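The values are calculated or read from the model by the stated rules, or taken from the named source; none is laboratory data. The structure presented is a predicted model; accordingly, all values stated were derived computationally and were not measured. A quick note on method: Cβ atoms are made from the backbone with ideal geometry, for glycine too, and the neighbour counts reach across all protein chains shown.
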Number of protein chains: 2
Amino acid sequence: MLLVQAPDGVGEVTSGTDLAALLTPLLATLTWPDGSTGLAEGDIIVIASKVVAKSEGRLVAGKDREAAITAETVRVVATREYPDGSTLRIVENRQGLVMAAAGVDASNVLPGTVLLLPEDPDASARRIRRGLNARLGLRPGVLITDTVGRPWRRGIADISIGAAGIDVLEDLRGQKDMQGRDLRASVIAVADEIAGAADLVRGKAKGRPFAVVRGLGHLVTHEDGDGAAVAIRPPEEDMFRTGS
Amino acid sequence: MLLVQAPDGVGEVTSGTDLAALLTPLLATLTWPDGSTGLAEGDIIVIASKVVAKSEGRLVAGKDREAAITAETVRVVATREYPDGSTLRIVENRQGLVMAAAGVDASNVLPGTVLLLPEDPDASARRIRRGLNARLGLRPGVLITDTVGRPWRRGIADISIGAAGIDVLEDLRGQKDMQGRDLRASVIAVADEIAGAADLVRGKAKGRPFAVVRGLGHLVTHEDGDGAAVAIRPPEEDMFRTGS
């Protein structure tokens, strides 16, 4: 069984906040349906990139949000003009992620500021994991998530942009299906699916930047592993790359 | 708290199988962490399109899988040639979904056959919901899911292609964030996130085509609603439409 819960009552996160220290007492208060409390081996902590970025001092003066987007952009993938004169830019950003506005965030931050993504979300995940390990003696999987649109689907959904101690892609290609046939195309984007599951519980308006996922211990690894960067499709696999 | 479980022991599904009748005894055997059993109001049943399609007789002779793909294709979105001479086609299919091979499936079915998607997955979801309601006296949400690739992300993930009695998109645009600012861009693809959560539990190789999701009762509606078709991005919103 998969269980996901998101604790209330997270304190304010500002530049320099130690997220592992902030999380540790919150995790201790978690109550599970079987009556157990706290974190257990095999659990996965899912953290919105927004609080990670704030803790890393990525909130910058942003009167000119468009300039901030330009500075974070490596490649423009698509643009759209709106009747009000604004332009939506879908770009590849410094982290290699294709997202609207390069992931530069002007919501849920103080007016006149913008929030950049963590500079290296996989390094952020590894650091938070180390901090949790030092405090709890456990090695949970850690995912850092952000929100993206999808070209042919309405609505936004969360994906994993940073990871430590978790298989981001589950490769079933050596396995057989129920008829004994090879599962050829089956590399499953499990970290993105976990990000979405956590988003369902955290909500966007509820001030719950953390979720804990239980029941997927088979995806949690002792080593930190390759991180979420492996889920970024490289140029040679990109069927929608224009002008290259 | 979000809870997802996928029962074992689903019998074989063939043309004419009544899925609601097949599911009813399975659902009764579910045990939840609080000791309760069975289905409850507000639960969501997530069903792989594969078994829905099989029950609807969509398994057809498919020596020529490529011809089947062509017949299901409305618009070619992208193609890729592989060194072995095969071609991957990303297309918009008759259901309006953009997917590889039009959603024509040659895995987990008998050799020499291919499985087409349900002709109208929203109608399928409504029919299954009606059948469950008649048997159980409850009105669970029903999602039918399939698997897609993503242009800039490695790995495949599940989305919702059919729905009844569930808000497929959660519109938060009237709400405020924690700083009192409008959540402008926040239409959340909750049904796709639920599809992914169910996929994590069902697995691709485990023969578990059903999952039950508990804890998202706020998304379950009395009326069947508009179905999953509303999550398909219309042409005028498509920033990646070529040649139109």
Task: Selection from segment A:105-139 of residues that are at pLDDT 95 or above and charged (D, E, K, R) - done: A:119, A:120, A:122, A:126, A:127, A:129, A:130, A:135, A:139
Open item on the list: Which numbered condition in (1) at negative phi; (2) in contact (Cβ under 8 Å) with a residue 24 or more places away in the chain is the only one that residue A:96 fails?
Closed with: (1)
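Condition test on residue A:142, is it at pLDDT 95 or above and part of a loop (DSSP other than H, G, I, E, B)? Step through it out loud before you land on a result.
Numbers: at pLDDT 95 or above: yes; part of a loop (DSSP other than H, G, I, E, B): no.
So residue A:142 fails the test.
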Open item on the list: Against the condition under 30 Å from residue B:31 (Cα atoms) and of a type outside the set (Phe, Trp, Tyr), how does residue A:122 come out, does it pass?
Closed with: no
TODO: Go through segment B:30-82 and count every residue that is within 11 Å of chain A (Cβ to nearest Cβ) and β-branched (Val, Ile, Thr).
DONE: 4
TODO: Would you please name the residue that is modelled with the lowest pLDDT, looking only at residues in segment A:151-175 that are more than 23 Å from the chain's Cα centre (by Cα) and more than 7 Å from every other protein chain (Cβ to nearest Cβ)?
DONE: A:174
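Residues are listed down the side, and each one gets a yes or a no for (1) surrounded by fewer than 17 Cβ atoms within 10 Å (Cβ to Cβ); (2) over 19 Å from the mean Cα position of the chain (by Cα); (3) touching a residue at least 40 places away in the same chain (Cβ under 8 Å); (4) on the phi < 0 side of the Ramachandran plot:
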site: B:16; (1), (2), (3), (4): yes, yes, yes, no
site: B:21; (1), (2), (3), (4): yes, yes, yes, yes
site: B:25; (1), (2), (3), (4): yes, yes, no, yes
site: B:28; (1), (2), (3), (4): yes, yes, no, yes
site: B:36; (1), (2), (3), (4): yes, yes, no, yes
site: B:42; (1), (2), (3), (4): no, no, yes, no
site: B:50; (1), (2), (3), (4): no, no, yes, yes
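Would you mind finding the one in B:89, B:129 that is touching a residue at least 60 places away in the same chain (Cβ under 8 Å) and of a type in the set (Lys, Arg)?
On the way: B:89 fails: touching a residue at least 60 places away in the same chain (Cβ under 8 Å).
After applying the criteria, what remains is B:129.
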Open item on the list: Suppose we filter B:159, B:128 for residues that are farther than 18 Å from residue B:13 by Cα and in contact with a Leu (Cβ under 9 Å, 6 or more places away or on another chain); which single one remains?
Closed with: B:159
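Can you give me the number of residues within segment A:1-22 that are more than 25 Å from residue B:216 (Cα to Cα) and of a type in the set (A, V, I, L, M)? Before the answer, list the steps.
Quick first cut of segment A:1-22, residues more than 25 Å from residue B:216 (Cα to Cα) only: A:11-22.
Then drop every residue that is not of a type in the set (A, V, I, L, M), which leaves A:13, A:19-22.
Looking only at that region, the number is 5.
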